[in-house]
Amino acid sequence: MTIAQPPVGDNLRERKKQHTRRAIHESALELVDENGLDGTTIEQICQRADVSQRTFFNYYPSKGAAALGLPETAISPETIAQFRQATGDLVPALCELVGEPADERLDRIRLKEVIHRRPELMPAFSQWMSGVREQFVQLAEERSGSRETALLAVTLVMAAFGLVVHDQSQNDAPAVDRLKEAVDRIAGVRTVKMVPPK
């Protein structure tokens, strides 16, 4: 059996898109490192990347997203299909849904370094994450049959994701494993006893 290859033109077009995306990201990151987020304009990024502002907004919604190199789509169709076919408990499946794209589409180490160096970029990251949160909720609701359960489960996993992103250790385990560990740590707080007052 032979597998149909995409037309050469499609490959070239995709390579050009990736080149443009990378050029915008690198230009934005350099400028933000040099001048800070407030001291950088989209016009400056476009000039350095040699693209129009219209092209910029085809790839990124903001200069913060460009500096962080956040992908257009947080969840691939393949990952969504895997989640819809998954069996077992909801929260571990959500960790897979959130964690696998994080490994595939985000350079986690570089992302943490950039946010540590430029904490003013954290709101851009948070805004990006909130933009995909509803998609996670909708998928979780499909599998749980309950909007409330979906909201609670996604809230737990997203809180764990926040811990993973802010973790300053050199732990380079897969994001899925780190997410599951963070979920357990959050759940474990419920049983912590208070220290008696002195």
Given the conditions (1) free of Cβ contacts under 8 Å to residues at least 40 places away in the same chain; (2) closer than 18 Å to residue 99 by Cβ, report the number of the one that residue 141 does not fulfil. (2)
Return the residues of the stretch 29-58 that are under 30 Å from residue 136 (Cβ atoms) and either touching a residue at least 40 places away in the same chain (Cβ under 8 Å) or in the same structural domain as residue 121 (by TED's automatic domain parsing) (or both); say none if nothing qualifies. 29, 32, 37
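Here is a check on your reading of the model: is residue 169 modelled with pLDDT under 85, over 24 Å from residue 22 (Cβ atoms) and in a helix (DSSP H, G or I)? First the steps, then the outcome.
Working: modelled with pLDDT under 85: yes; over 24 Å from residue 22 (Cβ atoms): yes; in a helix (DSSP H, G or I): no.
So residue 169 does not fit the description; no.
Quick check on the stretch 109-126. Is at least one of its residues in contact with a Ser or Thr (Cβ under 9 Å, 6 or more places away or on another chain) and either touching a residue at least 12 places away in the same chain (Cβ under 8 Å) or closer than 22 Å to residue 33 by Cβ (or both)? Spell out how you get there, then give the answer.
Start the filter on the stretch 109-126 by keeping residues that are in contact with a Ser or Thr (Cβ under 9 Å, 6 or more places away or on another chain), which leaves 124.
Going one step further and asking which of them are either touching a residue at least 12 places away in the same chain (Cβ under 8 Å) or closer than 22 Å to residue 33 by Cβ (or both), we end up with 124.
Within the stretch 109-126 (the criterion being in contact with a Ser or Thr (Cβ under 9 Å, 6 or more places away or on another chain) and either touching a residue at least 12 places away in the same chain (Cβ under 8 Å) or closer than 22 Å to residue 33 by Cβ (or both)), the answer is yes, since at least one residue qualifies.
The values are calculated or read from the model by the stated rules, or taken from the named source; none is laboratory data. Please read all numbers here as calculations on a predicted model, not as lab measurements. Note that each Cβ is placed from the backbone with ideal geometry, even for glycine, and that neighbours are counted across all protein chains shown.
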